[in-house]
Amino acid sequence: QVLLRESGGGVVQAGGSLRLSCATSGDTFSNYAMAWFRQAQGKEREFVAAINWNGGTHYADSMKGRFTISRDDAKNTVSLQMDNLQPYDTAVYYCAARWFQIATENHDYMFWGQGTQVTVSS
């Protein structure tokens, strides 16, 4: 089992940047694929980006070119660099983990953090 804790959320103006981090503890971090999802108020949780145990990445189309996911196996952390943020990026962002390979559906991930709020003002 792995425990996840997100940090780095906040309020930013449109066009600005934020960097989210997810600290993990418990099981061997390098065995896990890590992902970020987000959920806007009144909407379903959606996939943002994921990174494999070996560093391969996958992004939702609307995030390509603006968001970058990375992992540091020495520090047991995964990060999401978000640039050129827009009001429609406002949501609670969640870190998630599953064994080894990337997936893009909520139900494929076994472990979840509690989320961090990102608010982008216009």
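The values are calculated or read from the model by the stated rules, or taken from the named source; none is laboratory data. Bear in mind that the values here come from a model prediction, so they are computed numbers and not experimental data. Cβ atoms come from the backbone with ideal geometry, glycine included; neighbour counts cover every protein chain shown. Heavy atoms of the whole protein, side chains included, go into the accessibility calculation; ligands, DNA and RNA do not. Shrake-Rupley method; radii C 1.70, N 1.55, O 1.52, S 1.80 Å.
Using the charge dipole of the chain (Lys, Arg: +1 at Cβ; Asp, Glu: -1 at Cβ; taken about the Cα centre), state which of V48, C95, N84 has its Cα farthest towards the positive end.
Looking along the dipole axis, the top candidate is N84.
Taking all protein chains as present, what is the carbon and sulfur share of the accessible area of the chain, in % to the nearest whole number, probe 1.4 Å?
Percent of accessible area from carbon and sulfur atoms in the chain: 46.
Roll a 1.4 Å probe over the protein heavy atoms and report the accessible area of Y59 in Å², nearest 10.
40
Mind ranking R38, R5, R71 by accessible surface for me, highest first, 1.4 Å probe?
Correct descending sequence by accessible area is R5, R71, R38.
Would you list E44, E105, E6 from the most to the least accessible area, probe 1.4 Å? Write out the running numbers ahead of the final one.
Details: E44 160, E105 95, E6 25 Å².
The most accessible residue leads, giving E44, E105, E6.
Which one of G55, G26, G42 has the biggest mean-square fluctuation once the chain is modelled by GNM with Cα springs under 10 Å?
G42
Magnitude of the Cβ-charge dipole of the range 1-84, K/R +1 and D/E -1, about the Cα centre, nearest 20 debye?
On the way: 9 positive and 8 negative charges, 31 e Å.
Rounded to the nearest 20 debye, it is 140 debye.
Over the chain, with a single point scatterer placed on each C-alpha, what log10 of the ratio I(q)/I(0) does the Debye formula yield at q = 0.19 1/Å?
The calculated log intensity ratios at q = 0.19 Å⁻¹ are -0.95.
Using Cα pairs under 8 angstrom and six or more residues apart, how large is the relative contact order of the chain, in percent? Working shown, then result.
Working: 315 pairs, mean separation 44.3, N = 122.
Reported relative contact order: 36 percent.
Can you give the accessible area of S79, probe radius 1.4 Å, in Å² rounded to 10?
Solvent-accessible area, nearest 10 Å²: 10 Å².
With every protein chain left in place, what is the accessible area of F100 in Å² (1.4 Å probe, nearest 10)?
The accessible area of F100 comes to roughly 80 Å².
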